[in-house]
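The values are calculated or read from the model by the stated rules, or taken from the named source; none is laboratory data. Just so it is clear, the structure is predicted and the values come from calculations on it, not from any experiment. Using ideal geometry, Cβ is built from the backbone for each residue, glycine included, and neighbour counts are taken over all protein chains shown. We work out accessible area using only protein heavy atoms, side chains counted, and drop any ligands, DNA or RNA first. Shrake-Rupley method; radii C 1.70, N 1.55, O 1.52, S 1.80 Å.
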Amino acid sequence: MAKKSIEDLLIESLDQSLNEQEKLQLDQTLTQDRDLRKQLNQYSKIRELVRRKRETSFGPFFGHRVVNRIQSLRMEIDHQIIFFFKKYQLAALGVLVALIAINAIFAEDLTVQSLFGVEENINGTINEADSISFDFYKDLNEQL
Amino acid sequence: MDQVLDQDLVELSKAGDMTAFKEFVKRHEGKVAGVIYSILGQGAEAEDVGQEVFVKFYESLAKFKGESAPTTYLIRIAINQSLNEVKKRKRKNTLFTSIDQGKNVKMMDDEDIHNVIQFELNKLDPDFQSVVTLRLIEGYSTQETADILDIPLGTVLSRLSRAQKKLREVLIKYI
């Protein structure tokens, strides 16, 4: 560690951070050096000047304003999330409407099944093979 | 509420208790204001920065593991936000400059000298300004300063020494 200058020892003495040897060295030098004593005095005065009392409050109801700001930020984030998904919701709706329109244009007969693209047999009924069983619990019980 | 520890207020705030958080703000507003005003001086931006500090603290609560005291972390945020504001002002060239440098020193009152000090402090390197603010202005010990800034004690002492030498060069005519 580099040897500290006398000026460094002087400054650090104001923070009471010198070891015994350093204190002794500084005291001996201060006794003999008037300019150094003057310098010590200047550093003390600068600290006093810098330490002038400052405002320590942001005014009344500051806590209230902080909480309001946090709550506003939360609402803004919620709106942004809703807006973000809204775009995709509208796009999906648009795609669905377009598909229904295309089905309507190309369907021979305008039925609910034809609009949703469900294949029909000649008699206009749905093929059993194409129908999806929704009896989930029956299937589950059979498996168990 | 007075008996509740800071750590407990932080845990309650994490769980969404805004009353607990408001109490935490009330308890530590003074310390945060002291740090911010020391770096930025008086002005409307100081309260904006103050609010930012507590908002950032709140937003980081989920990540706060309690390795340091809540106030240590809070003051660290206050220092960083204040120094960011100083950088912004430097870029916009609106750093605190309302001092009459031509004024005779003997004619200066306390307010004038305070303005000069604020001006000179803002000219310091941010690393020096933060140790001067915490140690010399706010009165934290050198160890507390080291903990808040998360730097070694030796670094604090070294920066303090260099900062005071710089300040002495410019402020010597006022003492």
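List of remarks:
- Across segment B:128-145, a minimum of one residue is classified as at the interface with chain A (Cβ under 8 Å from one of its Cβ atoms), under 19 Å from A:Ser13 (Cβ atoms), part of a helix (DSSP H, G or I) and of a type in the set (S, T, N, Q).
- Scanning segment B:36-51 for residues that are more than 9 Å from every other protein chain (Cβ to nearest Cβ) and of a type outside the set (Gly, Ala, Ser) returns B:Ile39, B:Leu40, B:Glu45, B:Asp48, B:Val49.
- Test: residue in segment A:18-28 that is surrounded by 11 or more Cβ atoms within 10 Å (Cβ to Cβ), at pLDDT below 90 and either closer than 30 Å to B:Lys22 by Cα or within 12 Å of another protein chain (Cβ to nearest Cβ) (or both): yes
- Test: residue in segment B:69-92 that is at pLDDT below 85, under 24 Å from B:Thr133 (Cα atoms), in a loop (DSSP other than H, G, I, E, B) and out of contact with any Leu (no Cβ under 8 Å at 6 or more places or on another chain): no
- Here is the figure for segment B:1-52: residues that are part of a helix (DSSP H, G or I) and under 15 Å from A:Thr56 (Cβ atoms) total 20.
- Test result for B:Lys106, part of a helix (DSSP H, G or I), away from chain A (no Cβ under 14 Å), more than 27 Å from A:Gln42 (Cα to Cα) and at pLDDT below 80: no
- When A:Lys38 is tested against (1) assigned to a helix (DSSP H, G or I); (2) more than 9 Å from chain B (Cβ to nearest Cβ); (3) open to solvent by less than 70 Å² (accessible area, probe 1.4 Å), exactly one condition is not met: (3).
- Of all residues making up segment B:1-35, the number that are aliphatic (A, V, I, L, M), more than 13 Å from chain A (Cβ to nearest Cβ) and farther than 18 Å from B:Lys56 by Cβ: 4
- Among the candidates A:Gln71, A:Gln80, the residue that is open to solvent by less than 100 Å² (accessible area, probe 1.4 Å) and under 30 Å from B:Met18 (Cα atoms) is uniquely A:Gln71.
- Where a residue in segment A:74-103 is without any contact (Cβ under 8 Å) to a residue 60 or more places away in the chain and its partner, wherever it lies, is surrounded by 10 or more Cβ atoms within 10 Å (Cβ to Cβ), with Cβ under 6 Å and at least six apart: A:Ile100/A:Leu115; A:Asn103/A:Leu115; A:Asn103/A:Gly117
- Matching residues, segment B:146-169, being more than 21 Å from A:Leu9 (Cα to Cα) and either at the interface with chain A (Cβ under 10 Å from one of its Cβ atoms) or of a type in the set (D, E, K, R) (or both): B:Asp147, B:Asp150
- Pairs linking a residue in segment B:38-54 that is without any contact (Cβ under 8 Å) to a residue 12 or more places away in the chain to a residue that is among the acidic types (Asp, Glu), with Cβ atoms under 9 Å and 6 or more positions apart or on different chains, are B:Gln42/A:Glu55; B:Asp48/B:Glu85.
- Where A:Arg54 falls short, out of the listed (1) under 31 Å from the mean Cα position of the chain (by Cα); (2) at pLDDT below 90; (3) within 11 Å of chain B (Cβ to nearest Cβ): (1)
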